[in-house]
Amino acid sequence: MDDNASSQIAYAVRLLRPFWKMAVFATFMGAANSLAAVALLSIIQSELHAEAPASMVLVASFAGLFFVLLASEIASGVANSFVGQDAIAAMRKDLVQKILSAPIAEIERFQSHRIITALNQDVNSLSDFSRGFAFLVVSVCETVGAAAYLITLSLPMFLVCAAVGGGAWLVIRHLLKSAHANLSLERQISEQLQKHYNALVDGAKELRVNRERRRRFLDAKLLATIDQMRDASNRSFLRFATGSAIDDASFFLIAGMLIALAPFISESSATLSGFVLVLMFMKGPVSHIVAVLPALNRMFVAFAAVAELSDKFASPESNLLQDALATPGGKIESLELRGAAYAFPHAAGGESFTLGPVDLVFSAGEIAFIMGENGSGKTTLIKLILGLYPPRAGEILLNGEAVTDIGRDDYRQNFSAIFFDFYLFDDLIVADEQASQAVRFYLERLDIAHKVRVEAGAFSTTDLSAGQRKRLALIGTYLERRPIIVFDEWAAEQDPTFRRIFYMEILPELKRQGKMLIVVSHDDRYFEVADRIIHIHEGCVSAQPFLRQATETETS
């Protein structure tokens, strides 16, 4: 057994362990259903050849067994459904918690379309299968019980059935193995299709203004991937359909061989008819098992993907989802990066990027600008400062104390950040009346009160321009009242008026409040606002005091 299979089994056991009592009850009810079905078949088989009418005791026994058959199937079905849906709910909760606490670098590496496919398609496949799992369990129990009864009726006839059925199963198994490999390919194509769907929506504007790209995207990527998905699905269906047909035909082949061989194995016509009767009963549950095999194979493929996601997103910060303690307090005097470095894993076809080692000290009441070319490492440095990337070497110190994995989330609570590719949540973390009044004040100050209101602790809309959305994000930083604020190209989408307000009013005001301000910016017209300019080039960092005279000389 390989490591992947072992981890998948361990993950399944962990999900099902809380529901083992219900699972045992469901299995017990399935076994009771099987025994009742076999007993009813025995009564029917014997009474078909009986000369005397059935006694009242026999009729009562039949009625009792019928009730057990009905009640046990319902109980087994309901119990298995509860177990399945509880396990699916536990899986969903586990995944969202894993994603919420996963290392940011791992989330970025895994890519959003793969995560969305796992959360939606894979979990939904597992959920759909769990709804039919109860009937699968009953079918398996009925098949096993009927097979045991066939052995008691006639061992020679059962061996004939086993030989023919075994041969049919070998062929079906070969088809299923091929179909399973094809389903794995289908799953990979589905990820690509999800990626193209994301591009279809997120890149709508770019596709509209570029005819050549639009045509290429439609034909070479979107439509081609849809065709690949169709072909892969058809190949899988062909194999499953062939297997189902062989399963159906094998029952009639078995019955024909039993009729032909009955004189040679010295079985009476009564035994033969009883054997065929039970065999025809078995056809229902066995056919159901074979019909469920496509869903079972999809379940295995989906579960492998979900288990991989869960395993990949294991976090060294085990305390992220624990009940929060008090938000770290106390005045922040200094933030230091001492020999801090971060290296990305080696990229296929390219060189891995390394930032650092970095030696920087930030102080309260200071405005530090970070500048550099695209790809120089600005974003990596920001994520390192924020504790989103743990340093691969060196350390980060807050007020002279080193930040560890255990304390990294507490460390992050000292920051407010507006990223260049930020996500704007519409609800306010602080939603009391005082906060609402503050929000209304800032909405007026930032000139968006005519478009946005605060309703039930949330913004009435976030459907705004990029610059206006960043102003709403700025309101969130005011409410958080964190001692360190990081702005990643905040002014890039602002008009000249608000760009000036940001640099000449907002930043100095926050500085006077004692905030530590780290600003990624290329607005050289406002460099005079900074206390320090941090230059970054190809992962190497240098800091120097801002000298207005030097800049003016260079400009002239």
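The values are calculated or read from the model by the stated rules, or taken from the named source; none is laboratory data. Source: prediction; values computed, not measured. Cβ: placed from backbone, ideal geometry, glycine included. Neighbour counts: every protein chain shown. Remember, those area values only see protein heavy atoms, side chains included, never the ligands or the DNA or RNA. Shrake-Rupley method; radii C 1.70, N 1.55, O 1.52, S 1.80 Å.
Under 6 Å by Cβ, and 6 or more places apart or on different chains, what pairs join a residue from region 348-377 that is touching a residue at least 40 places away in the same chain (Cβ under 8 Å) with one that is among the aromatic types (Phe, Trp, Tyr) and not in a strand (DSSP E or B)? Going by the 6 Å Cβ cut-off, the qualifying pairs are PHE353/PHE344. For the residues GLU351, GLU366, the requirement of being more than 28 Å from LYS470 (Cβ to Cβ), of a type outside the set (Val, Ile, Thr) and open to solvent by 10 Å² or more (accessible area, probe 1.4 Å) singles out GLU351. Kindly provide the set of residues from region 374-402 that are of a type in the set (Asp, Glu) and touching a strand residue (DSSP E or B) at 6+ places or on another chain (Cβ under 7 Å), ordered by number. Scanning region 374-402 gives a single hit, GLU395.
All told, ILE429 meets the bar of being touching a residue at least 12 places away in the same chain (Cβ under 8 Å) and open to solvent by 40 Å² or more (accessible area, probe 1.4 Å). In region 41-84, what residues are under 28 Å from SER125 (Cα atoms), touching a helix residue (DSSP H, G or I) at 6+ places or on another chain (Cβ under 7 Å) and either surrounded by fewer than 15 Cβ atoms within 10 Å (Cβ to Cβ) or modelled with pLDDT under 80 (or both)? Correct list: GLY77, ASN80, SER81, GLY84. The sole residue among ALA179, ALA199 that is assigned to a helix (DSSP H, G or I), of a type in the set (Gly, Ala, Ser), without any contact (Cβ under 8 Å) to a residue 40 or more places away in the chain and touching a Lys or Arg at 6+ places or on another chain (Cβ under 9 Å) is ALA199. Just so you know, in region 316-348 the residues that are surrounded by 11 or more Cβ atoms within 10 Å (Cβ to Cβ) and over 30 Å from ALA364 (Cβ atoms) include one that is modelled with the highest pLDDT, and it is ALA343.
Given the structure, is GLU142 farther than 30 Å from ALA162 by Cβ, among the acidic types (Asp, Glu) and open to solvent by 20 Å² or more (accessible area, probe 1.4 Å)? No, not satisfied. Selection over region 528-542 of residues that are outside any loop (DSSP other than H, G, I, E, B) and open to solvent by 50 Å² or more (accessible area, probe 1.4 Å) gives a count of 5. Checked against (1) open to solvent by less than 50 Å² (accessible area, probe 1.4 Å); (2) under 30 Å from TYR197 (Cα atoms); (3) without any contact (Cβ under 8 Å) to a residue 12 or more places away in the chain, ASP227 meets all criteria but (1). Among the residues of region 234-253, not a single one is open to solvent by 50 Å² or more (accessible area, probe 1.4 Å), under 28 Å from the mean Cα position of the chain (by Cα) and either within 26 Å of PHE110 (Cα to Cα) or at pLDDT below 80 (or both).
Reported count of residues in region 500-527, each being out of contact with any Gly (no Cβ under 9 Å at 6 or more places or on another chain), part of a helix (DSSP H, G or I) and either surrounded by 14 or more Cβ atoms within 10 Å (Cβ to Cβ) or modelled with pLDDT of 90 or more (or both), is 14.
Residues that are in a strand (DSSP E or B) and either at pLDDT below 90 or in contact with a Lys or Arg (Cβ under 7 Å, 6 or more places away or on another chain) (or both) do not occur anywhere in region 472-480.
Of the candidates PHE251, PHE275, PHE281, PHE240, the single residue that is touching a residue at least 12 places away in the same chain (Cβ under 8 Å) and in contact with a Lys or Arg (Cβ under 6 Å, 6 or more places away or on another chain) is PHE251. Among residues that are at pLDDT 80 or above, in a helix (DSSP H, G or I) and among the small types (Gly, Ala, Ser), ALA305 is included. Among the residues in region 429-437, are any in a loop (DSSP other than H, G, I, E, B), closer than 19 Å to VAL486 by Cα and modelled with pLDDT under 80? Yes; the residues of region 429-437 include at least one that is in a loop (DSSP other than H, G, I, E, B), closer than 19 Å to VAL486 by Cα and modelled with pLDDT under 80. Looking across region 369-395, the residues that are within 23 Å of ALA491 (Cβ to Cβ), open to solvent by 20 Å² or more (accessible area, probe 1.4 Å) and not in a loop (DSSP other than H, G, I, E, B) come down to MET371, LYS378, THR379, LYS383. Residue-level analysis places GLN188 among those that are among the polar types (S, T, N, Q) and open to solvent by 90 Å² or more (accessible area, probe 1.4 Å).
Number of residues in region 202-217 that are modelled with pLDDT of 80 or more and either outside any helix (DSSP H, G or I) or hydroxyl-bearing (Ser, Thr, Tyr) (or both) equals 1. Residues of region 396-416 that are part of a loop (DSSP other than H, G, I, E, B), within 21 Å of ALA343 (Cα to Cα) and open to solvent by 50 Å² or more (accessible area, probe 1.4 Å): THR404, ASP405.
One residue stands out among those in region 457-471 that are modelled with pLDDT under 90 and under 13 Å from VAL439 (Cα atoms): the one that is most open to solvent (accessible area, probe 1.4 Å), which is SER460.
A single entry from PHE133, PHE129 fulfils the requirement of being open to solvent by 30 Å² or more (accessible area, probe 1.4 Å) and either among the aromatic types (Phe, Trp, Tyr) or in a helix (DSSP H, G or I) (or both): PHE133.
Scanning region 268-287 for residues that are at pLDDT 80 or above and either within 30 Å of TYR389 (Cβ to Cβ) or in contact with a Ser or Thr (Cβ under 7 Å, 6 or more places away or on another chain) (or both) yields a total of 4. Residue count for region 378-426 satisfying the condition of being of a type outside the set (Val, Ile, Thr) and either closer than 25 Å to ARG453 by Cβ or without any contact (Cβ under 8 Å) to a residue 60 or more places away in the chain (or both): 18.
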